[in-house]
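What follows draws every value from the coordinates through simple rules; no lab data is involved. On a predicted model such as this, the values are computed, not experimentally measured, just so you know. Cβ placement follows ideal geometry from the backbone for every residue including glycine, while neighbour counts extend to all protein chains displayed.
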């Protein structure tokens, strides 16, 4: 079922390489939530400019610090002069541009440095799109993530804490200090108690099948709790798909060395899978092809549909 949003709310989608950008209109000005990946920044600026229809972009808020959510921040600031607000927990990493803490170097992803003018804390409230939103801590996918909930309109801007068919990678367990599984369960249980008729996720179209989304998310979480290797394999597939979407092509022969070199793949393999780089690469290629997200072409791996 297609979600019916207030006229003051608009969701801009660009495919899974970039998170959605959500625009909230207030008279002659607007606020934006998240900005996509850096390679999509020119498209993001144009989409936002078209949607603004002459309005000013006053501020940009981020749900969390991952590259596909903050990659267009600098470009939007240059284009529109907006201020930037980030979750309190990511403020230091942004200020000193810690590429490891921001998962850029860890996942071999890119980002353009930006400055944040203010922080958002759990419990903060703000008006955007003529609606009052509350920032709520939503650790799991990112331990410092926030979601934004409007109780009156029963809307949830969920970032990567809840999608129509799951949630984002639990990096804290895959390559970090742990605790992501427990945090994700607490977050999902908390969100399930909120009055929500429509979810505006970080990826994918807004949806009203809220109960089914929670069922899918809890089922996935339980599977990961029961089998850590399944969680790791999901993370490797998702991150390699992201890399393919960014690069457009990847040499299959170069993949074992890449998996052994990049911290995310190396650590996930060491913790959960214990495969040789060659065996891991062979599995990953087969898994991506079987999932229909990649194709083999002359010794290269390409996103499906781009051969």
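Relative protection proxy for 273-282, 32-41, from highest mean packing down: 32-41, 273-282 (other beta-carbon atoms within 10 angstrom).
So what does the Cα-only Debye profile of region 228-303 read at q = 0.23, 0.27 Å⁻¹, as log10 I(q)/I(0), no solvent term? Computed log10 I(q)/I(0) values: -1.06, -1.45. For region 9-226, the convex hull spanned by the alpha carbon atoms encloses 105 Å³ per residue.
Of all DSSP beta bridges confined to region 136-283, the antiparallel ones make up roughly 65%. Helix 228-247 and the longest principal axis of the Cα set of the chain meet at an angle near 70°.
From the Cα gyration tensor of region 147-203, with a ≥ b ≥ c the square roots of its eigenvalues, which class applies: rounded if a/c is under 1.5, or else prolate if a/b is larger than b/c, or else oblate? Judged from the Cα gyration tensor, region 147-203 comes out prolate (a/c at least 1.5, a/b above b/c). Springs between Cα atoms under 10 Å define the GNM used for the chain, and in it the highest mean-square fluctuation of 83, 18, 297 occurs at 297. Estimated from helices alone, the mean residue ellipticity of the chain at 222 nm is -10500 deg cm²/dmol (sum of -39500 (n - 2.57) over DSSP H runs with n ≥ 4, per residue).
Classified by the C-alpha gyration tensor, region 38-119 has an oblate form. Its axis ratio a/c, with a ≥ b ≥ c, is 1.5 or above, and a/b does not exceed b/c. The angle separating the long axis of helix 277-290 from the principal Cα axis of greatest extent in the chain is about 60 degrees. For the options 16, 163, 283, a Gaussian network treatment of the chain with springs between C-alpha atoms closer than 10 Å singles out 283 as fluctuating the most.
Rg over Rh for region 105-253 works out to 0.99, using Cα positions for both radii and the Kirkwood form for Rh.
Rounded to the nearest 5, the antiparallel percentage of DSSP beta bridges internal to the chain is 65%. Does anyone have the angle between helix 180-192 and the longest principal axis of the chain? Alpha-carbon axes, 0 to 90°, nearest 10? Taking Cα atoms only, the helix is inclined about 40 degrees. Take 152-161, 169-178 and order them by the average number of nearby Cβ atoms within 10 Å per residue, most first; the result is 152-161, 169-178.
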